[in-house]
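Let me begin by presenting the structure, written as structure tokens, before commenting on it.
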Amino acid sequence: MATNTVLGLDIGSENVKAVVAEAGKEKIRLIYGAEKPSSGIRKGSVVSMDDAARTISDVISEVKSFYRPAIRNVWMNVGGSSIRSQISRGIIAVARANSEIYQDDIDRVVKASQAINLPQNRMILHTLTREFVVDGIGDIKDPLGMIGARLEVSSLIVDAFAPSVKNLRKCVEVGGGEVGGLVFNPLASARSVLSKNQRELGVVIIDIGAQTTGIAVYEEDKLLHTNMFPVGSSHITNDLAVALKIQVDIAEKIKITHGYAVSKDVPSKDVIDLKKVDINASGNPSRRFVAEVIESRIQEIFEFVNNDLRVIGKAGRLPAGAVLVGGGAKLPGIADLARQELKLSTQIGLPNLSPFEVHDQSLVEYAESPEYAAVLGLILHSFDASGGSVKSGHSSRNWFVQVLRNMLP
């Protein structure tokens, strides 16, 4: 049975976030949100099937008790440093004698661009069109109806480690959910945060999660590059725990309440009374020392980003700058440090709520944060894929199963 409801499921290493949405007359109605601490997930991959399945099942059960139809169409994110992207080209001869390009020609050339050599344990996650070329004339967005003898396409192929995807999917199914679609995490965040103008001018979105950081680079409204790095905000917490010789949970509290990303902006005389943070802790470290520890790790993250931008010739050359999202983007001063390290204008990215209709104020507060960019992007991707209405859970699930059968041994 068809449903106009979707469940966006952001499976992170620190938290699992869920949002239920349904199609309205003019906007997408956000009707429920849930979040639980994550377990059994590390750097975007399942490391303990029992723990991960239990966490995801708890979230799905909560959603099921509120609105059962949503679990029949689950759109979830895929992350992890095993994600790869590459540019591929497809070329075909236009089939008809009058040389007019029809939709089946476009479908054939896109499929031709997917004919790449992948190991048997990897699967194509996204095929993203960068441009079409008709008889040597490029930078065409939509060749439908044009006249030409030869049609080419340049596609960005994003592929994933298939066992990791299967494990995540199994966790969702154990909880009673049916997978309707998959989206690479930075692309989900970009969908809910970036404007068309930013994508046209040139921008990099940097999604700083707990254990991974993902980027997506856009220019001329095309995705140029995407990547994932195995470092995130939890590494900052671990660094503080080691440097201050305290427990990780206390280090997390210090990072949130006293942390700052640019050490030179912190007065050297300011100190932190650890007993006020936790009764069992002792010591009075300076805030500047804490900031130096934080700054060092964030500089490493931005070094990864800068190295990728250099490879594609965009270091310091993106007019719309950098947009920071994810839980790590909430750290005070991080935009200033990014501006300094990347030599780009920088802002904290908040989800654009204009496509949504929200009546619950607590849900608005839930959504207006950089860490919910991905889960709201999943909702939007679902509606994009179905031409404005959510796919039925049954047909979506069959599509996903067929993809796995085609791509996996």
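Exactly one residue among 278, 239 is in contact (Cβ under 8 Å) with a residue 12 or more places away in the chain, over 30 Å from residue 84 (Cβ atoms), touching a helix residue (DSSP H, G or I) at 6+ places or on another chain (Cβ under 6 Å) and open to solvent by less than 50 Å² (accessible area, probe 1.4 Å), and that residue is 278.
For segment 298-317, a residue qualifies if it is in a helix (DSSP H, G or I) and either open to solvent by 50 Å² or more (accessible area, probe 1.4 Å) or among the hydrophobic types (A, V, I, L, M, F, W, C) (or both), and the qualifying residues are 298, 299, 300, 301, 302, 303, 304, 305, 307, 309, 310, 311. Name the pairs: first residue in segment 48-62 and among the small types (Gly, Ala, Ser), second residue in a helix (DSSP H, G or I) and buried (at least 18 other Cβ atoms within 10 Å of the Cβ), Cβ to Cβ under 6 Å, at least 6 apart or on different chains? Close Cβ pairs (under 6 Å, with a partner that is in a helix (DSSP H, G or I) and buried (at least 18 other Cβ atoms within 10 Å of the Cβ)) amount to 52/171; 53/171.
Residues in segment 79-95 that are polar (S, T, N, Q) and not in a loop (DSSP other than H, G, I, E, B) were compared, and the one that is surrounded by the fewest Cβ atoms within 10 Å (Cβ to Cβ) is 86. Could we say that residue 130 is open to solvent by 20 Å² or more (accessible area, probe 1.4 Å) and at pLDDT 95 or above here? So residue 130 fails the test.
Take the conditions buried (at least 19 other Cβ atoms within 10 Å of the Cβ), touching a Ser or Thr at 6+ places or on another chain (Cβ under 7 Å), at pLDDT 95 or above and among the hydrophobic types (A, V, I, L, M, F, W, C) and apply them to residue 153. Does it pass? Against the criterion (buried (at least 19 other Cβ atoms within 10 Å of the Cβ), touching a Ser or Thr at 6+ places or on another chain (Cβ under 7 Å), at pLDDT 95 or above and among the hydrophobic types (A, V, I, L, M, F, W, C)), residue 153 qualifies.
Out of curiosity, is residue 226 among the polar types (S, T, N, Q) and part of a helix (DSSP H, G or I)? In short, no.
This table checks each residue for (1) surrounded by fewer than 21 Cβ atoms within 10 Å (Cβ to Cβ); (2) part of a strand (DSSP E or B); (3) modelled with pLDDT under 95.
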{"residue": "10", "(1), (2), (3)": "no, yes, no"}
{"residue": "32", "(1), (2), (3)": "yes, yes, yes"}
{"residue": "39", "(1), (2), (3)": "yes, no, yes"}
{"residue": "71", "(1), (2), (3)": "no, no, yes"}
{"residue": "97", "(1), (2), (3)": "yes, no, yes"}
{"residue": "108", "(1), (2), (3)": "yes, no, no"}
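Hey, can you tell me all the residues within segment 353-377 that are under 16 Å from residue 329 (Cα atoms) and either open to solvent by 30 Å² or more (accessible area, probe 1.4 Å) or not aromatic (Phe, Trp, Tyr) (or both)? 366, 367, 368, 369, 370, 371, 373, 374, 375 - these are the residues of segment 353-377 that are under 16 Å from residue 329 (Cα atoms) and either open to solvent by 30 Å² or more (accessible area, probe 1.4 Å) or not aromatic (Phe, Trp, Tyr) (or both).
Residues in segment 115-135 that are closer than 21 Å to residue 223 by Cβ and assigned to a loop (DSSP other than H, G, I, E, B): 115, 116, 118. Only one of the numbered conditions (1) under 29 Å from residue 243 (Cα atoms); (2) modelled with pLDDT of 95 or more is not met by residue 318, and that is (1). Tell me, please, whether a residue that is open to solvent by 10 Å² or more (accessible area, probe 1.4 Å), in a helix (DSSP H, G or I) and free of Cβ contacts under 8 Å to residues at least 12 places away in the same chain can be found in segment 188-211. There is no residue in segment 188-211 that is open to solvent by 10 Å² or more (accessible area, probe 1.4 Å), in a helix (DSSP H, G or I) and free of Cβ contacts under 8 Å to residues at least 12 places away in the same chain. Can you find a residue that is among the small types (Gly, Ala, Ser), touching a helix residue (DSSP H, G or I) at 6+ places or on another chain (Cβ under 8 Å) and not in a helix (DSSP H, G or I) anywhere in segment 136-143? Checked against the condition, which is being among the small types (Gly, Ala, Ser), touching a helix residue (DSSP H, G or I) at 6+ places or on another chain (Cβ under 8 Å) and not in a helix (DSSP H, G or I), segment 136-143 yields no hits at all. Evaluate segment 156-175: report whether one residue or more is among the hydroxyl-bearing types (Ser, Thr, Tyr) and either open to solvent by 10 Å² or more (accessible area, probe 1.4 Å) or part of a strand (DSSP E or B) (or both). Yes, because at least one residue in segment 156-175 is among the hydroxyl-bearing types (Ser, Thr, Tyr) and either open to solvent by 10 Å² or more (accessible area, probe 1.4 Å) or part of a strand (DSSP E or B) (or both). Looking at residue 112, is it outside any loop (DSSP other than H, G, I, E, B), among the small types (Gly, Ala, Ser) and under 30 Å from residue 145 (Cα atoms)? Spelling it out, residue 112 is indeed outside any loop (DSSP other than H, G, I, E, B), among the small types (Gly, Ala, Ser) and under 30 Å from residue 145 (Cα atoms).
The values are calculated or read from the model by the stated rules, or taken from the named source; none is laboratory data. Please read these numbers as outputs of a predicted model, since none were measured by experiment. Note that we place each Cβ from the backbone using ideal geometry, even for glycine, and neighbour counts take in every protein chain shown. All accessible areas refer to the heavy atoms of the entire protein, side chains included, with ligands and DNA or RNA removed. Shrake-Rupley method; radii C 1.70, N 1.55, O 1.52, S 1.80 Å.
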